[in-house]
Ligand code: SF4
């Protein structure tokens, strides 16, 4: 009983901290943040699969070339795999991504009888994520990206490597928690009544902070608006004092 109560208090503390971080970073990066894209959900899924461990510019180029060379997702599904591989050559590991992409398209067709994910709008976020995560190679980051970034505009939280690093340093999640399982932990810290824009903002501000201040190497803690909330930044500051 005591342990459960302690765990609940700890969860409340983390949520309070997350809200404070959200408020300050929102002020810094000027929420609400404009959505960067408006792809339909199936296109967003393809784009997300291509973007795995690939720079944004390169995965955009791979997606554009794929769309230019193949007029429909049916033609991508049915093309010789080497042709897909060549079209997405700008992305990392095209030799793995091309057969995976075709397997995903075939799985969607088999499950739904059509190549469209528009039906996800009728499911709850939890149901839609579970449906997507049954597809080959689709994990929590991709399922959340499809729901949050596509025209579905749902309240789902993707966690990329910047977001994950900042959350670890702020001790919102344990140091040992990998990106995949961190999705459920970070999402549970968000207030249940937040709308899609607020959840999207939370993802974007933590990502922007990782890109602009909380660098992988040598984070700019002296310029950080959440330094007082950050054990990692505080420890660095103490170390650098004479
Ligand atoms: S204080 Fe430093 S380590 Fe902590 S979030 Fe800010 S930049 Fe990152």
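Residues checked against (1) in contact (Cβ under 8 Å) with a residue 24 or more places away in the chain; (2) more than 29 Å from residue 201 (Cα to Cα):
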{"residue": "19", "(1), (2)": "yes, no"}
{"residue": "22", "(1), (2)": "yes, no"}
{"residue": "31", "(1), (2)": "yes, no"}
{"residue": "51", "(1), (2)": "yes, no"}
{"residue": "56", "(1), (2)": "no, no"}
{"residue": "62", "(1), (2)": "yes, no"}
{"residue": "79", "(1), (2)": "no, yes"}
{"residue": "93", "(1), (2)": "yes, yes"}
{"residue": "105", "(1), (2)": "yes, yes"}
For the range 129-146, which positions are in contact (Cβ under 8 Å) with a residue 24 or more places away in the chain, in contact with a helix residue (DSSP H, G or I) (Cβ under 6 Å, 6 or more places away or on another chain) and either assigned to a helix (DSSP H, G or I) or closer than 23 Å to residue 33 by Cα (or both)? 129, 132, 140, 142, 145, 146
Can you pull out every residue in the range 157-183 that is over 9 Å from the mean Cα position of the chain (by Cα), within 25 Å of residue 39 (Cα to Cα) and more than 16 Å from the ligand (Cβ to nearest atom)? 179, 180
Here's a check for you: in the range 211-228, which residue that is in a helix (DSSP H, G or I) and near the ligand (Cβ under 8 Å from one of its atoms) is surrounded by the most Cβ atoms within 10 Å (Cβ to Cβ)? 221
Return the total of residues in the range 162-181 being over 18 Å from residue 226 (Cβ atoms) and in contact with a helix residue (DSSP H, G or I) (Cβ under 7 Å, 6 or more places away or on another chain). 3
Which residues, counting only those in the range 150-164, are surrounded by 21 or more Cβ atoms within 10 Å (Cβ to Cβ) and in a helix (DSSP H, G or I)? 163, 164
Based on this model, can you work out whether residue 191 counts as part of a loop (DSSP other than H, G, I, E, B), touching a residue at least 24 places away in the same chain (Cβ under 8 Å) and away from the ligand (no atom under 16 Å from the Cβ)? yes
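Since every read-out is calculated from the coordinates, none of them should be taken as a lab result. Not measured: the values here are computed from a predicted model. Counting neighbours? That spans all protein chains shown, and the Cβs are built from the backbone with ideal geometry, glycine included.
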